[in-house]
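The values are calculated or read from the model by the stated rules, or taken from the named source; none is laboratory data. Keep in mind it's a predicted model, so treat the numbers as computed, not measured. Here the Cβ positions follow ideal geometry from the backbone for every residue, glycine too, while neighbour counts run over all protein chains shown. In case anyone asks, the SASA skips ligands and DNA or RNA and just uses the protein heavy atoms, side chains included. Shrake-Rupley method; radii C 1.70, N 1.55, O 1.52, S 1.80 Å.
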Amino acid sequence: MFPLQVFSETATHDSKLEPLRQSLMDTQLPAPFALVLTENRLELRKLDEPKLGAIYVDFVAGAVAHRRKFGGGKGQSIAKAVGLKSGAIPSVIDATAGLGRDAFVLASLGCDVTMIERNPIVAALLEDGLLRAQQDQEIGLWVKARMRLLKGPAVDNLLMLRDRPEVIYLDPMFPHKQKSALVKKEMRVFQSLVGSDQDADALLPAARKMATKRVVVKRPAYADWLNFQQPTMAIETKSNRFDVYVMTAIPAATT
């Protein structure tokens, strides 16, 4: 096991990093990682594989911004899966937020999105990305209004919600077969950092208990249903599948 390194590249920013350093000071990981505050952002680096490059959250530029502008709007599969259409803009809990890309897409389409992230390192990256996005002149106002972050275990956070959301969105970690450079890099880093979601099956019962309209589970096209529970319907893309569980009533408790 390796201790997480947390440091700033500039002395002027080091004091900003101190609360995060203190909160993560006892973190032990199966591979050498560093959280690095650069002049512009917080980055995660896998120190024994520097060629992988840094992982960070950027809602303002890059692939996420391109998807917001040219990704198909409400015609996207994820929008259809959550029930987003003219006159219907649901509130969404993204209980497995990760780097927040899907949550950002839904928020950009008008949804009020609460993200839950249990890994404190990933949550720190996500929080940094949110803060920077809130300062952007183009998207800052609606990011601040529509996106928020809860930290900690997904099931615990779901069951403690005071207001039940219309939709709960789940995208648990699953081994990917795709060979694209982005997926390959991020999956290698994330598998080393957090491993697979061994308790992913427990998410679905909690989500079905709390959602008022539907639960959406994103799965690779080749994956089984989560918790082996058949969805009401599925929306398929080339590489992924959105399993949709429509809430006609609160599911009965099972023993």
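If you stretched the chain out fully between R67 and T12, how much longer would it get, using 0.36 nm times the residue separation minus the C-alpha to C-alpha distance?
Here the segment from R67 to T12 would lengthen by 16.4 nm.
Just add up the charged neighbours of K85: K/R +1, D/E -1, any other residue whose Cβ is under 14 Å from the Cβ of K85.
Summing Lys and Arg as +1 and Asp and Glu as -1 gives +3.
At q = 0.30 Å⁻¹, what is the log10 ratio I(q)/I(0) for the stretch 69-119, with the Debye formula run over Cα points and no solvent?
After summing over all Cα pairs, the log10 values are -1.23.
For an R0 of 35 angstrom, estimate the FRET efficiency from the Cβ-Cβ distance between A88 and D199 and round to the nearest 0.05. Working shown, then result.
Working: r = 32 Å, r/R0 = 0.91.
It comes out at approximately 0.65.
What residue among N227, N40, N119 has the largest mean-square fluctuation in a Gaussian network model of the chain, using Cα springs under 10 Å?
Maximum fluctuation in the GNM of the chain, among the listed residues, is at N40.
Determine the alpha carbon to alpha carbon distance for each of K218/K238; K85/K213; K74/K151; K80/K238 and list only those over 19 Å.
Beyond 19 Å between Cα atoms: K74/K151.
Multiply the residue separation of T237 and S77 by 0.36 nm, subtract the distance between their alpha-carbon atoms, and state the gained length in nm to one decimal.
Taking 0.36 nm per residue and subtracting the Cα distance, the gain is 56.9 nm.
Mean Kyte-Doolittle of at least -1.0 and a Cα length of 15 Å or more along the axis: which whole DSSP H helices of the chain meet both?
Those that pass (Cα extent of 15 Å or more, hydropathy at least -1.0) are 120-134, 181-194.
Just the accessible area for R164, please: 1.4 Å probe, Å², rounded to the nearest 10?
Rounded to the nearest 10, the figure is 100 Å².
Would you compute, from DSSP H runs of 4+ residues alone, the mean residue ellipticity of the chain at 222 nm, taking -39500 (n - 2.57) per run and dividing by the full residue count, rounded to the nearest 500?
-9500 deg cm²/dmol
Have a look at S108, S239, S86 and tell me which one the Gaussian network model of the chain (Cα, springs below 10 Å) gives the largest fluctuation.
Per the Cα network of the chain with a 10 Å cutoff, S86 tops the list.
If a/c stays under 1.5 just call it rounded; otherwise compare a/b with b/c (prolate if a/b is bigger, oblate if not). Do that for the stretch 87-151, with a ≥ b ≥ c from the square roots of the Cα gyration tensor eigenvalues.
Working: a/c = 2.39, a/b = 1.20, b/c = 1.99.
The shape class here is oblate.
Run the quick spin-label model on T248 and T38: label points 7 Å from Cα toward the beta carbon, then report their separation in nm to one decimal.
5.2
Would you mind pulling out the separation of the Cα centroids of the stretch 1-25 and the stretch 126-162, in Å?
Between the Cα centres of the stretch 1-25 and the stretch 126-162 lies a distance of 22 Å.
How large, in percent, is the carbon and sulfur part of the accessible surface of the chain at a probe radius of 1.4 Å?
Ligands and nucleic acids excluded, carbon and sulfur give 53 percent.
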